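Working notes for the structure below.
The values are calculated or read from the model by the stated rules, or taken from the named source; none is laboratory data. From a predicted model like this one, the values you see are computed outputs, not experimental measurements. When we count neighbours, we look across all protein chains shown, and the Cβ atoms used for this are built from the backbone with ideal geometry, even at glycine. Please note that ligands, DNA and RNA were not included when accessible areas were found on the heavy atoms of the full protein model with its side chains. Shrake-Rupley method; radii C 1.70, N 1.55, O 1.52, S 1.80 Å.
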Amino acid sequence: FTTGVLAGRRVLITGGPTYEAIDPVRGLTNRSSGKMGYALARAAHEAGAEVCLVSGPTCLTTPAGVRRVDVQSATEMREAVLRELPANVFIAVAAVADYRVEAAAPQKIKKSGGGLTLTLVANPDILAEVAARPDAPFCVGFAAETERLAEHAEAKRRQKKLPLLVGNLAPDTLGADAAELVLFDDDGAHRLPRADKLEQARALIRHIASHLN
Ligand code: C5P
């Protein structure tokens, strides 16, 4: 019963991991299957929205009716997101790498037998940047934590100035088909019992729609 709740709305979603090159054959990434972002894209389309999914590298197929923009690095993801704005809703599900290698090597790095030191620089926070814009969409963040979920989730919601942040426990959710989510908004915490990610996505879309209306 999500049909039509987002009719006429433009929804922009990031999903999957980002991949930060070290050299042409190696890189740094985060653990993320992309399943939650793709499930949300599908649920938002079912709800009648025009959906753009900016996706890092995943093995998943694009949900029907969803426009997908493929990116690799956080820098590319940021550029794609800024190009796709404005939107009514921005759901940042991607596990964006916090750091990138300052200067990726143009050729494959050869083993020297010794150690290797990489200089990492911070990546831009895409969600915080979008949420701070004067034309900011309704922004939803995700936080995968390994402990003290409520505390970390509320802190992130405040830092990034988000109306809604979705928390989940990391070892539980990574790559899995099901997830247990906790929604944090101005009304407090609201737990969605463990269920299939598509079912969770539909519940989350209904929750987002209720915030908009
Ligand atoms: O700070 P943390 O990475 O845990 O925040 C998670 C939320 O912020 C997610 O919604 C994620 O997609 C988003 N994010 C982002 N750009 C970053 C880091 C996180 O959009 N560089």
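Miscellaneous remarks
- Annotation for region 203-211: at least one member residue is touching a Pro at 6+ places or on another chain (Cβ under 7 Å) and not β-branched (Val, Ile, Thr).
- Among (1) in a loop (DSSP other than H, G, I, E, B); (2) within 20 Å of Leu204 (Cβ to Cβ), the one test that Gln72 misses: (2)
- Test: residue in region 154-165 that is surrounded by fewer than 15 Cβ atoms within 10 Å (Cβ to Cβ) and either away from the ligand (no atom under 13 Å from the Cβ) or of a type in the set (Gly, Ala, Ser) (or both): yes
- Members of region 40-70 that are over 21 Å from Leu6 (Cβ atoms) and either within 12 Å of the ligand (Cβ to nearest atom) or in contact with a Phe, Trp or Tyr (Cβ under 6 Å, 6 or more places away or on another chain) (or both): Gly56, Pro57, Leu60
- Residue check for Pro124: open to solvent by less than 50 Å² (accessible area, probe 1.4 Å), within 28 Å of Ala47 (Cα to Cα) and not aromatic (Phe, Trp, Tyr): no
- Subset tally (residues that are more than 13 Å from Gly37 (Cα to Cα) and open to solvent by less than 10 Å² (accessible area, probe 1.4 Å)) for region 196-210: 2
- Unique match (being crowded, with 21+ Cβ neighbours inside 10 Å and either under 23 Å from Val166 (Cα atoms) or at pLDDT 95 or above (or both)) among Arg42, Arg68, Arg26, Arg9: Arg42
- The number of residues in region 119-152 being in contact with a strand residue (DSSP E or B) (Cβ under 9 Å, 6 or more places away or on another chain), away from the ligand (no atom under 11 Å from the Cβ), modelled with pLDDT of 95 or more and not in a strand (DSSP E or B) comes to 3.
- Residues in region 85-107 that are more than 24 Å from the chain's Cα centre (by Cα) and surrounded by 11 or more Cβ atoms within 10 Å (Cβ to Cβ): Ala104, Ala105.
- Neighbours by Cβ (under 7 Å, 6+ apart or cross-chain): first from region 75-86, touching a residue at least 12 places away in the same chain (Cβ under 8 Å); second charged (D, E, K, R): Pro86/Asp135
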